[in-house]
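Readers should treat all values here as calculations from the given coordinates under stated rules, not as data from a laboratory. Since the structure is predicted, the reported quantities are computational estimates derived from the model, not experimental observations. All Cβ positions, glycine included, derive from the backbone under ideal geometry; neighbour counts span all protein chains shown.
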Amino acid sequence: MKQYQLSLSLLCLLLITGCGGGSGTNESIPGSSLGQSSSSSSSSSSSSSSSSASSSSSSTSSSSSSGTSSLFTPLPPEELTLVAGNSELAINWAAATGARGYNLYYAKESFLTLDSIANYTSLTGAGMLADISDTQSTITKLDNNQRYFVVVSAIGDVESAISIEQSAMPLAAPAINEDIACSLKIDGGACDDFVAMTNAGKTYSLTNIHAPGKTYCMQAIDTAKGLSISDVTGSAGNPVKIVNCDGKVTLNTVGWQRGITVSNSQFIHISGTGSSEDFYGIHVINSEGAGADATNGTSDFEIDHVRIDNAGGSGILVRTYPFAAECHLEWTRSQFTQFNTKVHDNYVNGARWEGLYIGTSHYDQADGPSGTTCGTNSAPQASLIGVEIYNNKIENTGNDGIQLGAAIADVKVYNNTIKNYALHNVGSHGGGLQLNPGTGGLFYNNFVQAHPDSTEAKGLMYIGGETPLYVYNNVFVGGDKAVMTLNRMPNNTHFYFTNNTFYGRGTGSVFYFFCNLLPETQNYTFKNNIFTNYEFVGSDQSGGWNYFNGAKGAQCPMNGFEISGYADNEEDLHMTENYFSKSPDTILFASPSTGDYSLQEDSPATAFGADLDTTIPAPSN
């Protein structure tokens, strides 16, 4: 897996990230902090560079007055902006007085690590566009989902110092839905066959089929209530695809338990991309249970471009428990692994429980929960390997927005928008992102906003991972707490929470840590985050809110230091290298009332932060 070094010297200056602008993604995530590399040190170096450039200009003027030849050095360009597109970055900057051209440098690592721009080729992925005559340029043929750092210098008789560094991440353009006609390939169409209708035209049904690479089309039928897929298999790289044709397929599931059911099937791809006029070409309405449920040994499963309204259970479920109606030891951890789960470009608008429920919930229990149908048999829940959850919209859920459990390897959750979650106000099910035992991986570029009336909404709930967890470049708005941890895994995996923005609801606290269940030391890195609009920092313990961790606080070091027990002053609980302010007005966000949590240039938060000194794995997608 490729890696890149994040080296930031301050919290953030502007929102310039790969999650916004151009064709980089469906929605921008305003205000997330990872995308800004501008820093106090870079600002200082820019200031001193500007000063030295001014001095140079001054000295050259003196030289000129004495009759000697002079060399003109322009000031560095300002107002550098980046817009991410598909494999490209569009770059603009303000003209530098007297400049006859510009040099543009880019790399996959920060230029702040260099002593001199002359050494730029030592950085990974470095390149240069020389002698640009305009104040704009575009870098093409870049790697998508890879952050690039950019600086510009002005050319006079002497090259200026470099501009303040900015960064952004190119992203592939979202797929454009195509009109798929309901005709067979033998007739020049795109369908190998049609999904059969059973139950008097109420159920699309596909069962007992091994058909690698085949496409089965769903024709819109007014009486349709559900889609059932059972014992269907494709193969690696050649899944069985189920897609709508000739327009949108609506499953009006009133009186039915589930809209879409997938059982004991492998290498399955359900897609609503068969109509150019309908981004969500499959629409599930009013199911009594889950909108979509993939279970009973289902693996290598993908679902996209599906809209689910008013689910009576969870919106989308993809998990297998070994103790459902009866015990299935063949679905326990040693016998079954849920591979390659992809859930993307879906819209869940109203779910009684979770918006997305991916993976199981008790990975930490070696024998599985007690009181199950497996009795005294050991029934540890299966692992998930290969999880990608992105570009989903999730709104109005009773419990968590996205719940992910047992996801132990190759996990990426990004570019999701979650709003109005935890409407039931149940503390243990109130995470915008709830990461159940076992889960690690990369969680980035997500926007999570709680409902104003939700009193138990947490931005992130973390129950302990099998592998390290990296949470970065996210915006959490309106929650009662930014982060809540329970730490149920018997290991010492590291939790990195960096470059996030938490804008609370005006009451409640920032953190709620439980370290009492830890058998080993759990290291936390909290750096370059903004915390604002909160009432307290720590937890409520015996009526005292200035409380952090517990008797085992030493086992939860924050940035290498113990923060535990009571504190007389709230400031004593502030972790260094983060920005805390109860008043959001002092931070100078661009426009929080319209959802823009990026920072104004003169925000005091730009003077805080530090190098992460951490290598975060680059997304491989």
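Measuring nothing but alpha carbons in the range 78-168 and taking Rh as the Kirkwood radius, the Rg to Rh ratio lands at 0.94. Applying a DSSP loop filter and a limit of 13 other Cβ atoms within 10 Å to the GluC sites (Glu not before Pro) in the range 316-424 leaves 326.
Rounded to 0.05, the FRET efficiency of the residue 119 and residue 208 pair, given R0 = 60 Å and the Cβ-Cβ distance, is 0.40. Straight-line cross-link reach from residue 412 at under 12 Å between alpha-carbon atoms covers these aspartates and glutamates, not counting any fewer than eight positions away in the same chain: 388. Based on the Cβ-Cβ distance of residue 582 and residue 81, what FRET efficiency does E = 1/(1 + (r/R0)^6) give at R0 = 35 Å, to the nearest 0.05? Approximately 0.65, to the nearest 0.05.
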